[in-house]
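Student: Once you've had a glance at the structure underneath, I'll fire off some questions.
The values are calculated or read from the model by the stated rules, or taken from the named source; none is laboratory data. In this text the structure is predicted, and so the values were computed from the model without any measurement. When we count neighbours, we look across all protein chains shown, and the Cβ atoms used for this are built from the backbone with ideal geometry, even at glycine. The accessibility values were calculated without ligands, DNA or RNA, using every heavy atom of the protein model including side chains. Shrake-Rupley method; radii C 1.70, N 1.55, O 1.52, S 1.80 Å.
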Amino acid sequence: MSFPSLAAFEQALADPRGPDREAEANARARQAVLTKPAGSLGRLEEIAIFFAGWQGRERPCIDHGRAVVFAGNHGVTVHGVSAFPPSVTAQMVANFRAGGAAINALSDVAGLDLKIVALDLDRPTADFTVAPAMSEEECLAALNAGADMVAEDLDLLVLGEMGIGNSTAAAALAARSFGGTAADWVGPGT
């Protein structure tokens, strides 16, 4: 599913699909008749009901799961927001691809197909403190790189990101999207 324009992306955000409430109700009813004390599985029961709603079936499953790590370099690093230089992003991507990172082990244990998507690491975004980080075309390309990782047959999609300066960019996006002050969103980084 690719987006032909930012307007198409914004439309998709404006009209998101929600969970299947009937599947949730059926999963909740199923939990009540299983041979176990009510609530004995704790949070696992809540997760099963949550999955049932999003998968649209009473008995959720994870036959085909995928983990995706998106990597990019952020122009805001010119302000020394990280203890590491931007070149470390490419080193980490190489480590992911070689199978040497925690995400590799976690994906293997969970039986998830791991994809690494490096977004133009040789060309960081602009410094968002002085200009937009991306042009509309660059933003649309990044959004579509994400959309391209979604497949109809996925039962679970685990998303992650990495890139030197990513916490600063994420905090700025969260503040812009959800409100609040910088102090509400910025915590200790590296």
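Student: Work out the charge dipole of the chain with +1 on the Cβ of Lys and Arg and -1 on the Cβ of Asp and Glu about the Cα centre, then indicate which of 16, 64, 143 is farthest towards its positive end.
Tutor: About the Cα centre, the residue reaching furthest to the positive side is 64.
Student: How big is the Kirkwood radius of the chain, worked out from every pair of different alpha carbons and given in Å to one decimal? Provide the component values of the computation, followed by the final result.
Tutor: Numbers: mean 1/r = 0.0520 Å⁻¹.
So the Kirkwood estimate lands at 19.2 Å.
Student: Given Cβ point charges of +1 (Lys, Arg) and -1 (Asp, Glu) and nothing else, what value in debye, to the nearest 20, does the dipole of the stretch 89-153 about its Cα centre take?
Tutor: Working: 3 positive and 11 negative charges, 68 e Å.
Dipole about the Cα centre, nearest 20: 320 debye.
Student: I've got another one for you. Please compute the Kirkwood hydrodynamic radius over the stretch 111-158, one decimal place, Å, based on all pairs of different Cα atoms. Don't jump to the answer; show the numbers that get you there.
Tutor: On the way: mean 1/r = 0.0777 Å⁻¹.
Kirkwood hydrodynamic radius for the stretch 111-158: 12.9 Å.
Student: For a quick check: with amide H placed at 1.01 Å from N, whose amide H comes under 5 Å from residue 114's, ignoring anything fewer than 5 positions away on the same chain?
Tutor: 67
Student: Follow-up. Quick one: putting +1 on the C-beta of Lys and Arg, -1 on the C-beta of Asp and Glu, what dipole do you get for the chain around its Cα centre, in Debye to the nearest 20?
Tutor: It works out to roughly 600 debye.
Student: What value, in deg cm²/dmol to 500, does the helix sum -39500 (n - 2.57) over DSSP H runs of n ≥ 4 give at 222 nm once divided by the residues of the chain?
Tutor: One gets -13500 deg cm²/dmol as the mean residue ellipticity at 222 nm.
Student: Still on this structure, I have one more. With only alpha-carbon atoms in the gyration tensor, what are the semi-axes of the equivalent ellipsoid for the stretch 1-60, in Å, largest first?
Tutor: With the √(5λ) rule applied to the stretch 1-60, the semi-axes are 34, 10, 8 Å.
Student: Now, a different point. Mind ordering 173-182, 141-150 by average Cβ neighbours within 10 Å, highest first?
Tutor: So the order, starting with the most tightly packed, is 141-150, 173-182.
Student: Enter the accessible area per residue of the stretch 23-152 (Å², integer; probe 1.4 Å; all protein chains in place).
Tutor: In whole numbers, the stretch 23-152 has 60 Å² accessible per residue.
Student: Mind jotting down the three principal axis lengths of the stretch 40-116 based on Cα atoms? Whole angstrom, largest first.
Tutor: Principal-axis extents of the stretch 40-116 (Cα, largest first): 49, 27, 24 Å.
Student: Taking only C-alpha pairs under 8 Å that are 6+ residues apart, what is the relative contact order of the chain in percent?
Tutor: Taking the mean separation of contacting Cα pairs over the length of the chain, I get 30 percent.
Student: Moving on. Rounding to the nearest 10 and keeping the result within 0 to 90°, find how far the Cα-based axis of helix 43-55 lies from the longest principal axis of the chain.
Tutor: Between the helix axis and the principal axis of the chain, the angle is about 80 degrees.
Student: Please report, in Å, the Rg and the Dmax of the stretch 115-190, where both are computed over Cα atoms only.
Tutor: According to the Cα coordinates of the stretch 115-190, Rg and Dmax are 14.3, 42 Å.
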